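Engineer: Take a look at the following structure, please.
The values are calculated or read from the model by the stated rules, or taken from the named source; none is laboratory data. Since the model is a prediction, treat every value here as computed from it, not as a measurement. Positions of Cβ are generated from backbone atoms using ideal geometry, with glycine treated the same way; all protein chains shown enter the neighbour counts.
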Amino acid sequence: MTISAQFKTRVAVVLLLHVVLIMLGWWLAGQQDSAGPRAAITSPSENAQWGRGPYDPSFCGPPAKPLPPPTMDSPFGLHLFSTTALGVVRPVPGVLAIADDLGLPEAITEKSAIKPKNEGAYEDVQSVGILLEEFRRAFGAMPTGELNDEIVRRLQGENPKGIAVLPKTHPAINAQGELIDRWGTPYRFHPESSWETTIRSAGPDKKMWSSDDILSESSSTDLVQK
Amino acid sequence: MKNQKHQDHFDTRRNFLCRSACASMGFTGVVNTLAHLRLVQSAMAQAAPADYKAMVCLFLYGGNDSNNTLIPLDGVARTNYESARPVSSAVHIPASGTGAALPLTPPAGGFGQSAAATQFGVHPAMPNTQAAFNNGDLAFVANVGTLVQPIDRAQYIAVPRLVPTPPQLFSHSDQQLQWQSSLPDRPFQNGWGGRTADLLQGLVNPNSNVSMNISIAGQNSFQVGTNTVQYAVSTSGVTGLAGYNTGTNTYAAAATYPSTVALPTYVANDAGRTLKALDTITKLTRMQLGEAGSHYQHHLEEGYNDIMKRARDNEAFVGTALTVTATTAAIDTAFTNAFGAGVALPDVANQLKMVARLIMGRSTLGNNRQIFFVSMGGFDTHQNQPADHAKLMGDLDKALKGFRDAIDAITAAEGSGNLWNDTLLFTNSDFTRTLQPNGSDATNGTDHGWGGHQIVMGGPVIGQRIYGSFPDLARATGQDVDSNRGRWIPTTAVDQFASVAAKWFMSEGGIYVSGLTSADVGTIFPNLGRFQSVSSIPSNLGFVDFAV
């Protein structure tokens with residue numbers, strides 16, 4: 001009887017140990033990897049959201065659930081990201097520096113203390129290209145659409161994942177919600193494929209399809225039949 | 001009681017084992033096995049069809065402005081057309097007077113699109129298309145496009161949007177891929193032409209010598225199958241493998257590969273010597289095994305040899321088919337007459353000429369069913385649209401006329417049957433273009449849209465009709481998406497449009513070829529059931545006469 005009781009106790013201890021080990025393993029497996037480049041520039045809660053990966057693996061699925069608003073301000077004193085009709089957007093970390101690089105209309109830069117960082121319009125166009133690349137990396141594809149205001153809305157967070165790489169307001173966005181070049185003409189976006197969109201600035205003559213147009217660099221245009 | 005308890009446990013364990021066994025087989029495994037059994041059963045089916053059918057996919061790369069291909073001449077659609085493309089706009093096509101759209105003659109009872117318009121015309125550069133339409137050889141299917149599910153404007157602009165739309169709308173390569181696969185909601189694996197060939201090859205082509213899928217426009221997604229390998233032919237004929245000699249050896253001799261390793265088979269250059277050395281080595285390893293058949297010591301060697309042999313076989317048979325020269329001159333004449341003497345034929349005309357020649361040599365190819373792919377580029381008319389689009393429409397119009405006359409020339413030379421009744425050609429394009437142009441002068445053009453109108457042509461087509469549902473062309477309402485540029489939400493899915501052609505291709509004398517059922521249509525178009533009954537054709541899409 002005594003032996004049986006000791007045996008039962010040992011069995012119970014071994015079982016308890018197993019349960020503890022399993023729980024420990026379970027707990028360890030559920031830990032978020034908090035290290036990484038994002039940790040420095042995003043809040044812990046946002047980092048946890050990034051760690052969970054995309055909300056919706058399908059680009060054509062329903063929009064993501066609203067997320068807590070990030071607290072970031074634009075260099076122009078405006079709230080960088082705001083709630084869109086699709087919910088609260090989440091900015092791509094580090095995007096501030098890119099938005100800062102966008103070409104600004106000359107009418108604004110002449111009056112403002114803020115001067116464009118780019119020397120020429122060619123760099124402006126490439127900056128827009130980098131912005132689109134950032135979006136592609138975060139979203140998994142280029143923004144859907146072709147019209148300028150449509151692309152801008154996608155870049156501002158109106159997409160199934162709520163990813164934003166462009167402030168809601170910016171001096172380079174006109175009243176019609178279009179991204180404009182330094183001469184005030186809206187850029188033209190040409191979606192080649194899910195991984196490439198070419199950008200065209202009308203240039204100083206403000207007329208599209210003329211010889212002074214400035215185009216973004218393209219790597220795969222020749223591969224797309226059209 | 002104890003026994004009862006034991007019994008309970010025994011039952012549970014047995015059930016557990018049963019469940020485990022089932023689970024180990026796996027549900028997908030069972031389905032897969034059943035599917036294979038079905039394929040085996042299909043392969044053992046009674047008889048291949050006695051008739052011949054050729055399906056030609058003509059892809060208009062870049063997004064054809066079908067708003068100016070099929071033009072409403074009256075009604076609310078015309079009012080809306082002129083609102084977006086006013087007389088002052090360079091892309092405007094008038095309803096009458098100089099440069100007017102060529103009017104189409106409605107059939108008895110009208111076009112059936114009275115909600116939008118009762119009169120339609122085609123681009124002024126398309127007189128042959130007008131004639132073919134009025135003769136009953138050609139029809140249009142209105143507002144076809146990529147769709148995941150049926151969707152209307154309210155659903156499209158709803159926030160959140162609960163009805164999914166195809167990813168990367170308005171983007172060239174994505175929309176091309178989705179048109180060719182007909183599966184916009186999943187990663188690309190194969191095209192619907194490839195899936196059709198996968199399903200039909202064993203059933204309909206028992207004496208096949210070459211692939212069912214031949215492209216004259218290079219590699220494409222439409223003809224990619226799981227088992228089917230597309231064979232690409234240039235407009236001037238077969239392209240031989242570099243290093244093999246086709247000059248001193250006939251194509252038929254090439255088909256005896258790999259038993260022939262005679263020197264004259266190879267070109268006397270580095271490529272030829274390298275190939276000869278490789279072939280000799282693989283042959284020696286085979287001899288080492290003491291096997292004379294096509295069995296190699298290494299899987300890679302065997303795989304390499306299979307590919308080379310297939311390429312040589314295709315080259316041999318297609319090359320032989322093209323040597324059927326009896327009516328080559330008549331085919332040439334058909335295209336020359338369509339374009340006018342001394343005019344250099346555009347690429348699309350040469351491609352369709354090659355299709356006609358391959359149809360002529362069909363007995364050598366050995367296929368009762370053949371799918372061809374041809375294409376035409378340059379439709380991305382953001383700029384200079386008036387001149388560029390008119391040239392494209394004119395070329396397309398004449399190429400279609402040449403093709404129709406070439407098929408008739410073959411029929412006349414053969415002296416029996418009517419090959420035109422065995423031929424179905426349809427167009428595809430990335431998308432149509434915005435109704436509102438991006439500027440008013442002739443240097444401007446139009447931008448990317450969504451649903452557009454397609455041409456179907458051939459003997460089986462019930463022509464002189466406009467199928468589908470023609471949009472009223474109203475902007476920022478009706479079928480327009482969330483802008484005011486005029487980009488139509490499709491009312492007919494690519495799956496619906498393509499399935500009608502596929503059903504014709506899968507049938508003989510109005511019934512499915514032995515071994516096929518309507519369920520197989522669902523295999524080729526897995527999303528079709530979201531839009532309509534898989535086993536039937538909606539009344540506004542019945543553009544094929546199955547009795548022809």
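Engineer: Among the residues of segment B:423-438, is there at least one that is part of a loop (DSSP other than H, G, I, E, B), in contact (Cβ under 8 Å) with a residue 24 or more places away in the chain, at positive phi and more than 16 Å from the chain's Cα centre (by Cα)?
Structural biologist: Checking segment B:423-438: not a single residue is part of a loop (DSSP other than H, G, I, E, B), in contact (Cβ under 8 Å) with a residue 24 or more places away in the chain, at positive phi and more than 16 Å from the chain's Cα centre (by Cα).
Engineer: Any idea which residue in segment B:219-267 is nearest to B:Phe426 (Cα to Cα), counting only those that are of a type in the set (Phe, Trp, Tyr) and modelled with pLDDT under 90?
Structural biologist: Taking the candidates together, the pick is B:Tyr251.
Engineer: May I pose another question? Consider B:Ala217 carefully, then state whether it is in a loop (DSSP other than H, G, I, E, B), in contact with a strand residue (DSSP E or B) (Cβ under 6 Å, 6 or more places away or on another chain), over 25 Å from B:Ser507 (Cβ atoms) and assigned by TED's automatic domain parsing to the domain that holds B:Arg357.
Structural biologist: Spelling it out, B:Ala217 is indeed in a loop (DSSP other than H, G, I, E, B), in contact with a strand residue (DSSP E or B) (Cβ under 6 Å, 6 or more places away or on another chain), over 25 Å from B:Ser507 (Cβ atoms) and assigned by TED's automatic domain parsing to the domain that holds B:Arg357.
Engineer: What's the number of the condition B:Leu473 fails, among (1) surrounded by fewer than 23 Cβ atoms within 10 Å (Cβ to Cβ); (2) in a loop (DSSP other than H, G, I, E, B); (3) more than 14 Å from every other protein chain (Cβ to nearest Cβ); (4) among the aliphatic types (A, V, I, L, M)?
Structural biologist: All conditions pass for B:Leu473, except number (1).
Engineer: Here's another thing I want to ask about it. Looking only at segment B:134-186, which residues are basic (Lys, Arg) and either in contact with a strand residue (DSSP E or B) (Cβ under 6 Å, 6 or more places away or on another chain) or within 12 Å of chain A (Cβ to nearest Cβ) (or both)?
Structural biologist: B:Arg161, B:Arg186
Engineer: Looking at B:Gln201, B:Gln189, which is the one that is in a loop (DSSP other than H, G, I, E, B), away from every other protein chain (no Cβ under 14 Å), of a type outside the set (Gly, Ala, Ser) and free of Cβ contacts under 8 Å to residues at least 60 places away in the same chain?
Structural biologist: B:Gln189
Engineer: Moving to a separate point now. Being outside any strand (DSSP E or B), over 30 Å from B:Val374 (Cβ atoms), at pLDDT below 90 and not small (Gly, Ala, Ser): is that true of A:Thr169 here?
Structural biologist: For A:Thr169, the condition - outside any strand (DSSP E or B), over 30 Å from B:Val374 (Cβ atoms), at pLDDT below 90 and not small (Gly, Ala, Ser) - is met.
Engineer: OK, next. Could you check segment B:512-533 and list, in sequence order, the residues that are closer than 21 Å to B:Pro460 by Cα and without any contact (Cβ under 8 Å) to a residue 24 or more places away in the chain?
Structural biologist: Of everything in segment B:512-533, those that are closer than 21 Å to B:Pro460 by Cα and without any contact (Cβ under 8 Å) to a residue 24 or more places away in the chain turn out to be B:Tyr512, B:Thr517, B:Ser518, B:Val521.
Engineer: Any residue at all in segment B:394-401 that's under 30 Å from A:Ser210 (Cα atoms), in contact (Cβ under 8 Å) with a residue 24 or more places away in the chain, away from every other protein chain (no Cβ under 14 Å) and part of a strand (DSSP E or B)?
Structural biologist: So far as segment B:394-401 goes, no, none of its residues is under 30 Å from A:Ser210 (Cα atoms), in contact (Cβ under 8 Å) with a residue 24 or more places away in the chain, away from every other protein chain (no Cβ under 14 Å) and part of a strand (DSSP E or B).
Engineer: Ok, one more. Mind listing just one residue for me: the one in segment A:175-203 that is assigned to a loop (DSSP other than H, G, I, E, B) and without any contact (Cβ under 8 Å) to a residue 60 or more places away in the chain and, of those, nearest to the other protein chains (Cβ to nearest Cβ)?
Structural biologist: A:Ser194
Engineer: Then there is this: Quickly run through segment A:93-140 and pick out the residues that are touching a Leu at 6+ places or on another chain (Cβ under 8 Å), modelled with pLDDT under 85 and in a helix (DSSP H, G or I).
Structural biologist: Listed by number, the residues that qualify are A:Val95, A:Leu96, A:Ile98, A:Ala99.
Engineer: Any residue at all in segment B:226-244 that's under 20 Å from B:Ala501 (Cα atoms) and not in a helix (DSSP H, G or I)?
Structural biologist: yes
Engineer: Given the structure, is B:Ala413 farther than 25 Å from B:Val544 by Cβ, surrounded by fewer than 24 Cβ atoms within 10 Å (Cβ to Cβ), within 14 Å of chain A (Cβ to nearest Cβ) and in contact (Cβ under 8 Å) with a residue 24 or more places away in the chain?
Structural biologist: no
Engineer: Another question about this same structure. Inside segment B:102-146, can you point out the residues that are assigned to a loop (DSSP other than H, G, I, E, B), aliphatic (A, V, I, L, M) and at pLDDT 95 or above?
Structural biologist: B:Leu104, B:Ala125, B:Met126 - these are the residues of segment B:102-146 that are assigned to a loop (DSSP other than H, G, I, E, B), aliphatic (A, V, I, L, M) and at pLDDT 95 or above.
Engineer: Okay, moving on. Among the residues of segment B:355-393, which ones are surrounded by fewer than 18 Cβ atoms within 10 Å (Cβ to Cβ) and more than 14 Å from chain A (Cβ to nearest Cβ)?
Structural biologist: Across segment B:355-393, the qualifying residues are B:Ser363, B:Gly366, B:Ala390, B:Lys391.
Engineer: Working only within segment A:152-188, note down all residues that are acidic (Asp, Glu) and within 20 Å of B:Ser171 (Cβ to Cβ).
Structural biologist: The answer is A:Glu158, A:Glu178.
Engineer: Take the residues of segment A:148-160 that are part of a loop (DSSP other than H, G, I, E, B) and within 15 Å of B:Gln168 (Cβ to Cβ): which is farthest from the other protein chains (Cβ to nearest Cβ)?
Structural biologist: So the residue we want is A:Asn159.
Engineer: For segment B:443-464, what are the residues that are within 11 Å of chain A (Cβ to nearest Cβ) and of a type outside the set (Ser, Thr, Tyr)?
Structural biologist: If the condition is that a residue be within 11 Å of chain A (Cβ to nearest Cβ) and of a type outside the set (Ser, Thr, Tyr), then B:Asn444, B:Gly445, B:Asp447, B:His448, B:Gly449, B:Trp450 are the ones that fit.
Engineer: Can you give me the number of residues within segment B:176-193 that are buried (at least 23 other Cβ atoms within 10 Å of the Cβ) and touching a helix residue (DSSP H, G or I) at 6+ places or on another chain (Cβ under 9 Å)?
Structural biologist: 10
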